[in-house]
1. Looking only at residues that are of a type in the set (Ser, Thr, Tyr) and farther than 26 Å from TYR181 by Cβ in segment 86-109, which one is surrounded by the fewest Cβ atoms within 10 Å (Cβ to Cβ)?
2. Based on what the data block shows, is LYS179 on the phi < 0 side of the Ramachandran plot, assigned to a loop (DSSP other than H, G, I, E, B) and open to solvent by 20 Å² or more (accessible area, probe 1.4 Å)?
3. Applying the selection to segment 25-42, what residues are surrounded by 19 or more Cβ atoms within 10 Å (Cβ to Cβ) and hydrophobic (A, V, I, L, M, F, W, C)?
4. Take GLU310 and tell me if it is among the charged types (D, E, K, R), over 15 Å from VAL161 (Cα atoms) and exposed (fewer than 13 other Cβ atoms within 10 Å of the Cβ).
5. Which pairs do you get when a residue that is closer than 16 Å to ASN245 by Cβ, found in segment 288-311, comes within reach of a residue that is aromatic (Phe, Trp, Tyr) and surrounded by 16 or more Cβ atoms within 10 Å (Cβ to Cβ), reach meaning Cβ atoms under 6 angstrom, with the pair 6+ apart or on two chains?
6. In segment 43-84, what residues are within 23 Å of THR152 (Cα to Cα), open to solvent by less than 60 Å² (accessible area, probe 1.4 Å) and in a helix (DSSP H, G or I)?
7. For segment 260-281, how many residues are open to solvent by less than 50 Å² (accessible area, probe 1.4 Å), of a type in the set (Ser, Thr, Tyr) and more than 30 Å from ASN186 (Cα to Cα)?
Amino acid sequence: MWVTQFYNVRVYYGRGALDSLRDLEMKEPIVVTTGSLLNSSLLREVTSRVDNPLVIRGPSQHTPKAELEVLSKIKGRNVISLGGGSIIDAVKISSPAFHVSVPTTLSGAEHTAVAGYTDDGIKKTVRTRPPDVVILDPLSLTGTPERLVVTTAFRALDHAVEASYSTKSSPFTDALSAKGYEYLVNCLVKWDLELCQVGTWLASLSFMYGGRGLSHVFGYVYGPAFNIPHGVTSCISLIEAVKFNGGAPKLGNVVETLEKILEKYRIKESLSKYTTLEGALTHAKKLSEMTNASENPRKMSVEEAKEFIETVYD
């Protein structure tokens with residue numbers, strides 16, 4: 001038996017979805033965004049649709065705990081998060097009264113009731129209230145660099161693939177992960193940004209209910225430790241994580257499909273770009289412990305963690 005409870009979130013999606021901001025009639029909202037968007041046309045598109053907004057710059061990549069203080073003023077206020085997963089998670093943690101999320105990447109943070117932040121060099125998660133409204137308009141991705149779209153799509157693929165073989169998988173999560181995976185693969189073949197957003201949505205829900213595996217854990221350990229974007233950590237680890245777990249049979253030949261995507265976009269990532277092998281191996285015990293505490297289907301010894309690190313290092 002499986003029980004699923006959906007939380008109360010409205011999602012506007014498709015071309016023109018940004019116009020729904022006018023219907024929300026938000027008065028003097030705070031817009032939390034990234035430094036790269038402070039002078040962007042997208043920010044102007046958002047602020048032109050609300051009344052007297054205040055724009056502030058949010059925390060940097062991986063949402064360092066020390067930088068969350070900048071958002072203390074938003075507690076109890078109406079807030080629009082405009083950016084990627086770090087911005088969205090920071091706003092979720094900071095408890096706004098009413099939260100509208102406008103994602104500019106495919107990390108999927110807007111669809112979950114958990115948020116991540118970095119403390120003492122390790123990514124940690126807390127339960128949070130999800131956004132009240134999510135706006136998925138392909139216009140929000142048109143200014144995002146291609147590489148960032150692809151790597152965060154790979155993060156979303158990470159969610160779908162690992163949910164498919166999670167120890168908590170169910171017929172419900174299988175349907176979400178299979179369709180999310182299909183949409184994400186097709187969107188990267190056709191460069192259909194609207195399809196990417198819907199695929200990310202489905203994949204994020206499969207992760208929310210199915211849990212995380214080795215590749216996701218790898219991102220939690222190595223992303224903050226060496227300042228690697230989470231989308232990139234998935235490009236480094238996902239294929240080898242699938243191999244470690246004996247494939248993802250519910251989704252077909254995942255390894256070949258993922259390899260073709262990385263080849264198509266000329267994305268070749270390895271851990272050696274970000275640290276020394278000696279530095280990487282110092283986290284082997286943590287990788288093993290966190291994998292074994294996750295919903296990964298196969299346990300990982302410290303020696304196996306070292307072998308995995310050596311494989312993704314080259």
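1. Checked segment 86-109; the qualifying residue surrounded by the fewest Cβ atoms within 10 Å (Cβ to Cβ) is SER95.
2. No; evaluated as a whole, the condition is false for this residue.
3. MET26, ILE30, VAL31, VAL32, LEU37, LEU42
4. No, not satisfied.
5. So the pair list comes out as PRO297/TYR165.
6. LEU43, VAL46, LEU68 - these are the residues of segment 43-84 that are within 23 Å of THR152 (Cα to Cα), open to solvent by less than 60 Å² (accessible area, probe 1.4 Å) and in a helix (DSSP H, G or I).
7. Summing the residues that are open to solvent by less than 50 Å² (accessible area, probe 1.4 Å), of a type in the set (Ser, Thr, Tyr) and more than 30 Å from ASN186 (Cα to Cα) in segment 260-281 gives 1.
The values are calculated or read from the model by the stated rules, or taken from the named source; none is laboratory data. Being a predicted model, the structure only gives us computed values, none of them experimental. Cβ atoms come from the backbone with ideal geometry, glycine included; neighbour counts cover every protein chain shown. Just the protein is used for accessible areas: all its heavy atoms, side chains included, with ligands, DNA and RNA removed. Shrake-Rupley method; radii C 1.70, N 1.55, O 1.52, S 1.80 Å.
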